[in-house]
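Below is one structure, written out as structure tokens, with a few remarks after it.
The values are calculated or read from the model by the stated rules, or taken from the named source; none is laboratory data. Because the structure is predicted, anything quoted here is derived from the model rather than measured. Because the Cβ atoms are built from the backbone with ideal geometry, glycine has one as well, and the counts that use them run over all protein chains shown. For accessibility, only protein heavy atoms count, side chains too; no ligands or nucleic acids. Shrake-Rupley method; radii C 1.70, N 1.55, O 1.52, S 1.80 Å.
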Amino acid sequence: MSDGSARPQRARRPFARRTLRGQVSLLGLVVITGWVIILTISFNLLLANRLKSEADSALRTRATTAAATVAFKDGNAISVREGADDAVLDSGIWVYSKDGSVERPHGDASIQAAADRLAHGPSRYLNNGETDRLYSLPLIDHGKRAGTVVASVSLEPYRHATKAALAGSALVAGFVLLGAYPVLRIAAGRALRPVDEMTKQAADWSAHEVSARFGDEQRFREIQTLAATLDGVLDRLSAVVRHERQLSAELSHELRTPLARIVAEVDLLLARHHDPAELETAHRAMRESALSMERILETLLAAARADIRDAPGRCELAPAVAAAVASLGPETRVQLHTAVGPGAVGVDAAIVERVLAPVLDNALRYAATGVRVTSRNEADTVVLCVDDDGPGVPVEEREAIFEPGFRGQPDDAHDGAGLGLALARRLARAATGDVVVSGPESTFEIRLPPA
């Protein structure tokens, strides 16, 4: 039955099914459409203005030519000299004197009225509706106005030219836009093809070969930036993989000792019959080993999550050192002496134990007769010193021993994997401390922050 509450739905992602190539093509088409519209309008406006100027120039030419055929008589009388092309010249030409019209071509009443309005005014242009345009030119004789010449021209050819240009430019613009989209898609596809190939290559490398990189091969600047970014992602992925492998190795290394103790106790229990006291001792040993494994797991996982800096904790140093010594089990070959003074450090006890235990284990392995653990306080550091009377660490190997997998004497048949000291340093540095080897006697110094 429904509890009456609606299940929240995920917000839809409208762009999830769209491609970048399509988006780039549409954006380019929008931009091109805008420019084509602007250019088409501008072209037609310029053409219309140009045709208007041509019409005005033709009117002035006709009026000037007609004025050249006018003769002036005494008393400002006007006469028109007839020429060979008089019929052509008289078409659309009006000649006026002071007293009235001298020459009047045939035309409808509207154009005749328009010409009459221009007969006595200044030189100017006048449109007669949308079909004709007129121009008046005053006739001057001896500084006085003797009459007027009015010329007209039909606007139909110019209108047809304007309409034809508009239709042609619109048609051309349409063809340009129709061809622009597929060209833009092809261009966008070619431009984005390296991105697609690099994405697939990075995905393949991340799954099978995290060490491969794109490198500094010559590419376009944007593609080179993408390559550098993907290389950075692969570097981080590779570091994560190495960290996981290192964590697995550290878990195996650190859990080997308590697990071996549990197995040994079980073998002893199965080997023969035991009285209640022996069973209780065995049970207690297995419980302590299991608890030790639990602490190891918690410590390593805390270090892997980098939680130490956020919650470093606090503990008394002497009990933490004692716990680290106890976790090593009985040691009969050499003597282990501790002389740790009272005081606290700003690190959780489990961290102190996991840092100190590998260092002690290393010292016990190479010591001749004994190992000594002491402590001292410096200005802002608590230092745990682990000394042994073994051969010491060569100066050239004092950093290498903290590298995972490094073994100073790989032929000494001990079962270490070269991870203990690396883990100790990493945990110490995660807690703002460190583990170093110093002095001629190869003293291991564990530096921890004070409480």
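Values computed for the structure shown
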{"read-out": "Nearby lysines by direct alpha-carbon distance to K98 (threshold 30 angstrom, same-chain neighbours under 8 apart not counted)", "value": "K73, K144"}
{"read-out": "Stretch gain in nm, segment A207-K98, where the contour uses 0.36 nm per residue and the Cα spacing is subtracted", "value": "29.0 nm"}
{"read-out": "Backbone N within the stretch 99-142 under 16 Å of label point (7 Å from E54 Cα along the Cβ vector)", "value": "133"}
{"read-out": "Cα→Cβ-extended label distance, 7 Å offset, between Q224 and D267, nm", "value": "6.3"}
{"read-out": "Sequence ranges 383-394, 342-353, ranked by mean other-Cβ count within 10 angstrom, highest first", "value": "342-353, 383-394"}
{"read-out": "Cut-off 12 Å between beta-carbons: net charge of the residues surrounding L234, Lys and Arg +1, Asp and Glu -1", "value": "-2"}
{"read-out": "Length released on extending from K144 to T281, taking residue separation times 0.36 nm less the Cα-Cα span", "value": "35.0 nm"}
{"read-out": "R81/E130 FRET efficiency (R0 35 Å; Cβ-Cβ; nearest 0.05)", "value": "0.55"}
{"read-out": "Inter-site label distance for K200 and T61 at 7 Å from Cα along Cβ, in nm", "value": "6.7"}
{"read-out": "Approximate spin-label separation A326-A368, in nm, with each point projected 7 Å along Cα-to-Cβ", "value": "3.3"}
{"read-out": "Candidate lysines for bridging to K52, where Cα separation is under 30 Å - those fewer than 8 sequence places away on the same chain excluded", "value": "K163"}
{"read-out": "Solvent exposure, largest accessible area first (probe 1.4 Å, DNA, RNA and ligands not counted), of R60, R261", "value": "R60, R261"}
{"read-out": "Shape category assigned to the stretch 90-155 from the gyration tensor of Cα positions, a/c cut at 1.5", "value": "prolate"}
{"read-out": "Qualifying trypsin sites (Lys or Arg not before Pro) for the stretch 324-390 [loop in DSSP, other Cβ within 10 Å: at most 11]", "value": "R333"}
{"read-out": "Nearest-0.05 FRET efficiency for E156 and L29, computed from C-beta distance (R0 41 Å)", "value": "0.60"}
